[in-house]
């Protein structure tokens with residue numbers, strides 16, 4: 001009876017705490033979520049994008065609980081380099097979205113030419129998408145603070161072996177969220193059948209990217 005109680009309560013409780021904590025950190029609109037949403041609506045390379053985002057969170061959370069978050073928290077120079085690289089990339093991505101928004105009809109044709117839907121896109125398009133996804137994911141110092149430092153701290157407070165069940169819960173939250181966001185976005189495809197709808201989305205993406213870039217540039221990392 002004791003073993004059974006341990007298996008249920010001691011595993012499920014920290015998993016649920018990890019799931020809830022992880023979900024609360026990634027649901028808020030941000031550069032990564034905006035990118036996944038757009039790829040989902042386009043139905044372009046959704047699986048690799050979801051895997052990169054979800055598995056990256058899972059990896060960083062696990063490293064944080066393993067103690068790497070302690071090192072990251074005390075490496076301001078590394079975070080500073082990531083910070084300004086992230087600012088540069090976000091400004092570049094915002095400029096690309098702004099150009100699409102100013103020419104919505106041409107943007108829609110170009111996106112269709114890249115190969116939306118299950119038919120798949122060319123290797124070049126996949127490469128660009130993966131590189132953009134990696135940049136948005138890894139060039140944001142807040143990703144490391146949220147996953148490795150914050151999740152690592154909360155997870156380690158659970159003690160052994162509960163912290164690893166906490167890590168599993170956080171990993172599941174990330175993978176499920178990005179899968180729902182990427183594949184659930186297909187329900188919006190009909191709404192985004194017109195250039196005007198894409199123009200609105202791209203302007204929203206411009207604002208999101210600029211706001212995050214400004215926060216990184218003027219507010220710093222905030223360790």
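Laboratory data are not the source of any read-out in this text; all were calculated from the coordinates shown. Source: prediction; values computed, not measured. Because the Cβ atoms are built from the backbone with ideal geometry, glycine has one as well, and the counts that use them run over all protein chains shown.
Assorted remarks:
- Cα principal axis extents for segment 10-219, largest first, Å: 55, 36, 28
- 144, 93, 138 arranged by Cβ crowding within 10 Å, fewest neighbours leading: 138, 93, 144
- Theoretical FRET efficiency, 1/(1+(r/R0)^6), r = Cβ-Cβ of residue 99 and residue 153, R0 45 Å, to 0.05: 0.65
- Two-site FRET efficiency, residue 203 against residue 77, from Cβ-Cβ distance with R₀ of 35 Å, rounded to 0.05: 0.45
- Residue 59-residue 125 pseudo-label distance in nm [points 7 Å out on the Cα-to-Cβ vector]: 2.6
- Sequence of 133, 53 once ranked by neighbouring C-beta atoms within 10 Å, starting from the fewest: 133, 53
- Here the simple spin-label model places points 7 Å from the Cα toward Cβ, and for residue 85 and residue 190 these points are separated by 4.4 nm.
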